[in-house]
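Quick note: the coordinates plus some simple rules give every number you see, no bench work behind them. Computed from a predicted structure; not experimentally measured. Glycine also receives a Cβ, built like all others from the backbone with ideal geometry; neighbour counts cover every protein chain displayed.
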Amino acid sequence: MSLHPSHYKLIKEEVTRRLVSGVQTINLEYDSLYNQQKASLNKDCELLSLLFHRMFFYRLNEKLSGLNCDHTLRLSKQILTQMQLSRGKINEIFEVFKKNDGNCDCEILYNIESQLIGK
């Protein structure tokens, strides 16, 4: 089943709305991937869950698809900046990423997002 182009536009608008303002207006299929019980096992659960719901991981996955990771946090920094977070908050998030084996953009998805989703 393919989605109508207007549906893609709605998804993109919702992702941007959450990323920038943190406001959720519709449920997305992506939301159903979140596993609160699994996420709560990480002591940084609150921050990581906030990033999940603000669509950080979704956007990072989008940006990385079709690219080879350059083993930096370049794309993550772009997204966190787009989220209008302060430099101090971004540095705090990077420390949490590193503590959870997220030393580059692809490791953030493999090692951190995987702690928040699925069974």
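For segment 87-117, name all the residues that are closer than 20 Å to residue 15 by Cα and either surrounded by fewer than 17 Cβ atoms within 10 Å (Cβ to Cβ) or free of Cβ contacts under 8 Å to residues at least 40 places away in the same chain (or both).
Residues satisfying the conditions are 90, 114, 117.
So in segment 23-79, with the set limited to residues that are in a loop (DSSP other than H, G, I, E, B), of a type in the set (S, T, N, Q) and free of Cβ contacts under 8 Å to residues at least 60 places away in the same chain, which one is surrounded by the most Cβ atoms within 10 Å (Cβ to Cβ)? I'd like the intermediate steps shown before the answer.
First, pick out the residues of segment 23-79 that are in a loop (DSSP other than H, G, I, E, B): 23-28, 35, 40-44, 54-55, 65-73.
Among the residues that remain, those that are also of a type in the set (S, T, N, Q) are: 24-25, 27, 35, 40, 42, 65, 68, 72.
Narrowing further to those that are free of Cβ contacts under 8 Å to residues at least 60 places away in the same chain: 24-25, 27, 40, 65, 68, 72.
Numbers: 24: 14, 25: 9, 27: 9, 40: 12, 65: 7, 68: 7, 72: 11.
Filtering first and then ranking leaves 24.
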